[in-house]
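In what follows, a structure is listed as structure tokens, so that the remarks can point back to it.
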């Protein structure tokens, strides 16, 4: 019988620009689960890769455009974050108002999380997300930021 096992590596440090991701992953796998074997599949988030590549955006250095200010007003997002999304995308396909869906009972958040209080705090800090299309016609949420 085939078996699938998911193992989240817990001892990888906070990633910094220039970090050797492969080495960090191999070392953590050796410590935590007897290493990486043939046919193992390694999943790495794009955010971690971006950090290692130094593709980090300093929000304090972003000056929001009029469009970013208007979208921020309508969505509750930080205008600088909206500008960063606009800078990384070709097109905004949709805006999903998660906080509004939860508050109006359209979406029962308790069905999808073990930490309801933490999830509510997250959506209070980030009340919606953008579905965006990049220059390669790839779809992302919040431009993959």
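How many residues does the range 62-78 hold that are surrounded by fewer than 17 Cβ atoms within 10 Å (Cβ to Cβ), at pLDDT 95 or above and part of a loop (DSSP other than H, G, I, E, B)?
Of the residues in that region, 2 qualify.
Table: residues versus (1) surrounded by 11 or more Cβ atoms within 10 Å (Cβ to Cβ); (2) out of contact with any strand residue (DSSP E or B) (no Cβ under 9 Å at 6 or more places or on another chain); (3) part of a loop (DSSP other than H, G, I, E, B).
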{"residue": "2", "(1), (2), (3)": "no, yes, yes"}
{"residue": "16", "(1), (2), (3)": "no, yes, yes"}
{"residue": "23", "(1), (2), (3)": "no, yes, no"}
{"residue": "28", "(1), (2), (3)": "yes, yes, no"}
{"residue": "32", "(1), (2), (3)": "yes, yes, no"}
{"residue": "35", "(1), (2), (3)": "yes, yes, yes"}
{"residue": "42", "(1), (2), (3)": "yes, yes, yes"}
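Can you confirm whether the range 21-28 contains a residue that is under 27 Å from residue 136 (Cα atoms) and either assigned by TED's automatic domain parsing to the domain that holds residue 135 or free of Cβ contacts under 8 Å to residues at least 12 places away in the same chain (or both)?
First, the residues of the range 21-28 that are under 27 Å from residue 136 (Cα atoms): 21-22.
Next, from what is left, pick out any that are either assigned by TED's automatic domain parsing to the domain that holds residue 135 or free of Cβ contacts under 8 Å to residues at least 12 places away in the same chain (or both): 22.
Yes, the range 21-28 contains at least one residue that is under 27 Å from residue 136 (Cα atoms) and either assigned by TED's automatic domain parsing to the domain that holds residue 135 or free of Cβ contacts under 8 Å to residues at least 12 places away in the same chain (or both).
Can you tell me which condition residue 57 does not meet? The list is (1) in a helix (DSSP H, G or I); (2) surrounded by 13 or more Cβ atoms within 10 Å (Cβ to Cβ), and all the others hold.
Status for residue 57: all satisfied but (1).
I'm trying to understand the selection: among the residues of the range 93-115, which are in contact with a helix residue (DSSP H, G or I) (Cβ under 8 Å, 6 or more places away or on another chain) and not in a loop (DSSP other than H, G, I, E, B)?
Once the filter is applied, which keeps residues that are in contact with a helix residue (DSSP H, G or I) (Cβ under 8 Å, 6 or more places away or on another chain) and not in a loop (DSSP other than H, G, I, E, B), the range 93-115 yields 95, 98, 99, 102, 109, 110.
Just a yes or no: is a residue in the range 79-90 in the same structural domain as residue 24 (by TED's automatic domain parsing), closer than 30 Å to residue 25 by Cβ, at pLDDT 90 or above and not in a loop (DSSP other than H, G, I, E, B)? Before the answer, list the steps.
Just the residues of the range 79-90 that are in the same structural domain as residue 24 (by TED's automatic domain parsing), to begin with: none.
Scanning the range 79-90 turns up no residue that is in the same structural domain as residue 24 (by TED's automatic domain parsing), closer than 30 Å to residue 25 by Cβ, at pLDDT 90 or above and not in a loop (DSSP other than H, G, I, E, B).
The values are calculated or read from the model by the stated rules, or taken from the named source; none is laboratory data. Keep in mind that what you see is a predicted model, and the values were worked out from it rather than measured. Glycine gets a Cβ as well: all are built from the backbone with ideal geometry, and neighbour counts include every protein chain shown.
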